[in-house]
Amino acid sequence: MSYVRAWAEAQRAATQLKDSLAGAGRGDAMPYLRADVNEFGVGFVELGRVSPETAALIARALEVLASTEGRRDECAA
């Protein structure tokens, strides 16, 4: 059943995010984080409410990722 695969994929992503947060010392940062699947069989990860500190942490991580990707693109050119 495709909805089971979709949920399992969402669960793997949610677990990866939980593990990454725990590795950063923020294991309790996203208490509402969970995997789900909608009525169309599409998996998704519910992030839920987060504190301003957690939102800032995510923003910083994305900024670092974006700058790393930009440097990698410059090196390839």
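Values in this text are rule-based calculations from the coordinates and carry no lab data. Bear in mind the structure is a predicted one, so any value in this text is a computation, not a measurement.
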Q. 222 nm [θ] for the chain, helices only, -39500 (n - 2.57) per DSSP H run of 4+, per residue, to 500?
A. -21500 deg cm²/dmol
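Percent relative contact order of the chain, based on C-alpha pairs within less than 8 angstrom and at least six residues apart?
On the way: 73 pairs, mean separation 21.2, N = 77.
So the answer I get is 28 percent.
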Q: Write down the radius of gyration of the chain and its Dmax, each obtained from C-alpha positions, in Å.
A: 15.4, 44
